[in-house]
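Just below is one structure, and these are the notes that go with it.
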Amino acid sequence: MPNDLDLLGHMNNGRYLSILDIGRIDLLVRSGFWRKMTTAGWYPVVAAQTITYRKSLRLGQQFDVFTRIIGLHDRWVFIEQTFRRGDAIYAQAVIRTRFLKEGGGTVSLEELNTLAGCPPDDLLLPEWVERWTTDSRVLAETP
């Protein structure tokens, strides 16, 4: 849409993030996990994200978004999402998410594994993502 573009005619960065939201919801719904988590009273939230833009998307260009889980750590689920046109990568993001309980509190990985099933043994979080998680934490201000 024209209002998704910046002044140079490229898709603006905010629109990329909105499309990523839709891609994650699509993954949850198609996998059947949406129904399970809402029945359990859980909901997903984004805690942090980083995105790299390689090429510009312009008005009318078709693209695909690929979404996959790349690892689990502590209370976090890490998702990689990639914008592609054919084999070309236009943008790629890593999102740190977690699940919260409607009654309050965070869903533990044990609870998540019980509901979703254990992840494959070869699902190893890249080291740079672990460093990014540690390095990007917002520390509480002290008086």
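The values are calculated or read from the model by the stated rules, or taken from the named source; none is laboratory data. Please read all numbers here as calculations on a predicted model, not as lab measurements. We place every Cβ from the backbone using ideal geometry, glycine too, and count neighbours over all the protein chains shown. Remember, those area values only see protein heavy atoms, side chains included, never the ligands or the DNA or RNA. Shrake-Rupley method; radii C 1.70, N 1.55, O 1.52, S 1.80 Å.
Within the set of pairs 6+ apart or on separate chains, which have a first residue in segment 25-52 that is touching a residue at least 40 places away in the same chain (Cβ under 8 Å) and over 17 Å from Q92 (Cβ atoms), a second that is of a type in the set (G, A, S) and in a helix (DSSP H, G or I), and C-beta atoms under 7 Å apart?
F33/A116
Search segment 15-47 for residues being among the aromatic types (F, W, Y) and not in a strand (DSSP E or B), and hand back the single one that is least open to solvent (accessible area, probe 1.4 Å).
Selected residue: Y16.
Can you pull out every residue in segment 84-132 that is within 18 Å of T52 (Cα to Cα), touching a Phe, Trp or Tyr at 6+ places or on another chain (Cβ under 7 Å) and in a helix (DSSP H, G or I)?
Selection gives V129 alone.
Among the residues of segment 48-69, what is the count of those that are farther than 30 Å from L112 by Cα and not in a loop (DSSP other than H, G, I, E, B)?
2
Of all residues being of a type in the set (A, V, I, L, M) and closer than 24 Å to S136 by Cβ in segment 29-47, which is modelled with the lowest pLDDT? Just the residue, please. Spell out how you get there, then give the answer.
The first filter runs over segment 29-47 and keeps only residues of a type in the set (A, V, I, L, M), leaving 29, 37, 40, 45-47.
Next, from what is left, pick out any that are closer than 24 Å to S136 by Cβ: 45-47.
Values: V45: 96, V46: 96, A47: 93.
Per the stated criteria, the residue is A47.
With (1) closer than 17 Å to L28 by Cβ; (2) exposed (fewer than 15 other Cβ atoms within 10 Å of the Cβ) as the list, and D121 as the residue in question, which single condition is left unmet?
That leaves (1) as the condition not met.
T67 - would you say it is under 14 Å from the mean Cα position of the chain (by Cα) and open to solvent by less than 40 Å² (accessible area, probe 1.4 Å)?
Yes.
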